[in-house]
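Enquirer: Could you have a look at this structure, given as C-alpha cells, before my questions?
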Amino acid sequence: MTAPAVPRIGYAPWGENLAELTAAGRAAEDAGADTLWASELHRSATVTAAALACATTTARIGTAVALAFVRSPMTCALEALDLDEFSDGRAVLGLGTGVRRLNEDWHGVPFDHPAQRLRETVDCVRTFIARCADGDPFEAGGPLASLRVRGYRRPQPLRTRIPVHLAASGPLTFRLAGEVADGWIGHELGSPAHLRDAVLPALHTGLSTAGRKPQDLEVVASVCASVHPDPAEALRRAAGNVGFYASVRTYTPLFAAHGLAEPQRRVMEEFRRPGARADGLAAAVDPAMTRALTLCGTREQVAELLTGYAGSADSLKLTTPVHGLTAHEIRESQAHVIDLIRELRP
C-alpha cells in the first residue's frame, strides 16, 4: 500500500497490565509512532507515561490526559519534571478538566469554573518548572489554583519549559488552549469537518487574543481508529466507544454538532435502564454515529480517511476501540492499528 499524506502519527497503547501496555508502546514506536500517549481512567496517566518512558527511546511521551484538578499544581509539576527526566526530555504534559461527576464524585475535588481553574493551573505548573531550581520565593496562579513557594530548591531540571497541551471539547476551552497552551488535544470522537469548522476557528481566536501565531500551538487530533479486514466488524467494534461517551451528558454538544442529538438521546435512554453499563451500549448506537465520529474499515480505507486531517491537524493521536470488547478483540484491533502506523511511516 502506498502511504497517503497524513499528519504525524502518535498512539495510545493498550494493555491488560503495564507489561503488555509498554510492549505495545515499543511496538508502536518501532512502527513509527512519534508520540506515545497515556490516558487516565483505569490507571494513573503519569505513572503509565513513566513506564512507557522507561521502555522506549525515541517517541515523545505524553499524558492524554492527566486530570488537572485531582492533583495539586505542585504535584502536577513534579510529575511532569520526573517524567521528563525518565524520558530524557521527551515529555509532553497533557492536562484536561474531566467532567463534573468524575471530579466531584470519584475524586472528591471541586469543579467550579473549570476553564479558569485550568488557566491558573497551567500558570502554576509553568512557573514551578521554570523556577524550582532558583531557590528564590515565587508565586503563581489565582484564587482557584495557586502556588506560594518559599524555602524550596530542586536540582536543575533537564528543561525549564516542558510542553503543556490542553484537552478541550468546547468553545471556551478551545480558546483557552489557543491562549496559553503549547498544544491542543482533541477528544477521540470527532471528525475532520468538526476540527476544521468548529475547533480551529476557536483555537485561532485564542491565539489572536494572546498575540500568538498558529505555529505556537500543536493541533493534536485524536482519532478512534477501528481497523479490520471486514469493514462491518470494524464498525461493530467501534460502536462501544461511541456508546460509552454518548452516555455522558457533557458530550451532548459534540453529538449535536454532528447532527446526532436524537441518536445520542436514545443511547442515554438505554443507559438509564436498570442494570445498564456504560461499556455495554454498543447495540443502542446508530451506525451513523459510529461512521461520523470514528474511522472504521480496512487498513486501506482507514488510511484514506486519515488524509482528511491533512492541513488541519499537526499530528494525530490514534486509539483503538476498547469499550464492550473482549481482551482478544482489543489485542487484534491494536495489532491492526500498529500495522497501519507502520505502513503510513514517511
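The values are calculated or read from the model by the stated rules, or taken from the named source; none is laboratory data. Given the structure is predicted, the values throughout are model-derived calculations rather than measurements. Cβ: placed from backbone, ideal geometry, glycine included. Neighbour counts: every protein chain shown.
Enquirer: Filter segment 156-210 down to the residues that are farther than 17 Å from Gly311 by Cβ, in a helix (DSSP H, G or I) and among the acidic types (Asp, Glu) and list them by number.
Expert: Glu179 - this is the single residue of segment 156-210 that is farther than 17 Å from Gly311 by Cβ, in a helix (DSSP H, G or I) and among the acidic types (Asp, Glu).
Enquirer: So which pairs qualify, if the first residue must be in segment 125-136 and part of a helix (DSSP H, G or I), the second must be hydroxyl-bearing (Ser, Thr, Tyr) and exposed (fewer than 15 other Cβ atoms within 10 Å of the Cβ), the Cβ gap must be under 9 Å, and the two must be at least 6 apart or on different chains?
Expert: Partner pairs satisfying both residue conditions: Ile129/Thr160; Ala130/Thr160; Arg131/Thr160.
Enquirer: Got a number for residues in segment 87-106 being surrounded by 16 or more Cβ atoms within 10 Å (Cβ to Cβ) and over 18 Å from the mean Cα position of the chain (by Cα)?
Expert: Of the residues in that region, 1 qualify.
Enquirer: Given Ala221, Ala225, Ala238, which one is in contact (Cβ under 8 Å) with a residue 12 or more places away in the chain, farther than 24 Å from Ala115 by Cα, touching a strand residue (DSSP E or B) at 6+ places or on another chain (Cβ under 9 Å) and assigned to a strand (DSSP E or B)?
Expert: Going through Ala221, Ala225, Ala238 in turn, just one is in contact (Cβ under 8 Å) with a residue 12 or more places away in the chain, farther than 24 Å from Ala115 by Cα, touching a strand residue (DSSP E or B) at 6+ places or on another chain (Cβ under 9 Å) and assigned to a strand (DSSP E or B): Ala225.
Enquirer: Next up: Please verify whether Ala53 is within 22 Å of Cys76 (Cα to Cα), in contact with a helix residue (DSSP H, G or I) (Cβ under 8 Å, 6 or more places away or on another chain) and of a type outside the set (Asp, Glu), treating the condition exactly as stated.
Expert: Taking the combined requirement at face value, the residue satisfies it.
Enquirer: Against the condition more than 30 Å from Ala33 (Cβ to Cβ) and either within 19 Å of the chain's Cα centre (by Cα) or free of Cβ contacts under 8 Å to residues at least 40 places away in the same chain (or both), how does Glu233 come out, does it pass?
Expert: Against the criterion (more than 30 Å from Ala33 (Cβ to Cβ) and either within 19 Å of the chain's Cα centre (by Cα) or free of Cβ contacts under 8 Å to residues at least 40 places away in the same chain (or both)), Glu233 does not qualify.
Enquirer: Would you be able to tell me the number of residues in segment 295-339 that are more than 28 Å from Pro214 (Cβ to Cβ) and among the hydrophobic types (A, V, I, L, M, F, W, C)?
Expert: Result for segment 295-339: 8.
Enquirer: From the list Val122, Val164, Val109, pick out the single residue that is among the β-branched types (Val, Ile, Thr), surrounded by fewer than 17 Cβ atoms within 10 Å (Cβ to Cβ) and within 30 Å of Phe255 (Cβ to Cβ).
Expert: Val109
Enquirer: Still on this model: If Ala80 meets every condition in (1) more than 20 Å from the chain's Cα centre (by Cα); (2) assigned to a helix (DSSP H, G or I); (3) within 29 Å of Gly170 (Cβ to Cβ); (4) not polar (S, T, N, Q) apart from one, which number is that one?
Expert: (1)
Enquirer: Let me ask something else about it. Starting from segment 244-256, keep only residues that are closer than 23 Å to Gly275 by Cα, then list their pairs with residues that are assigned to a helix (DSSP H, G or I) and among the acidic types (Asp, Glu) whose Cβ atoms are within a distance under 7 Å, requiring at least 6 positions of separation or different chains.
Expert: If the second residue must be assigned to a helix (DSSP H, G or I) and among the acidic types (Asp, Glu), the pairs left are Phe244/Asp279.
Enquirer: Same structure again: What are the residues in segment 242-272 that are surrounded by 15 or more Cβ atoms within 10 Å (Cβ to Cβ) and aliphatic (A, V, I, L, M), if any?
Expert: Selection gives Val242, Ala246, Val248, Leu254, Ala257, Leu260, Val267, Met268.
Enquirer: Assuming Ala115 fulfils every condition listed in (1) within 30 Å of Leu295 (Cα to Cα); (2) part of a loop (DSSP other than H, G, I, E, B); (3) out of contact with any strand residue (DSSP E or B) (no Cβ under 7 Å at 6 or more places or on another chain) apart from one, which condition is it?
Expert: The number of the failed condition is (2).
Enquirer: List every residue pair whose Cβ atoms sit under 8 Å apart, with the two residues 6 or more apart in sequence or on different chains, where the first one lies in segment 1-23 and is at negative phi and part of a helix (DSSP H, G or I) and the second, anywhere, is modelled with pLDDT of 95 or more and aliphatic (A, V, I, L, M).
Expert: Note: pairs meeting the criteria are Leu18/Ala51; Leu21/Ala51; Leu21/Leu52; Thr22/Ala51; Thr22/Leu52; Thr22/Ala55; Ala23/Ala55.
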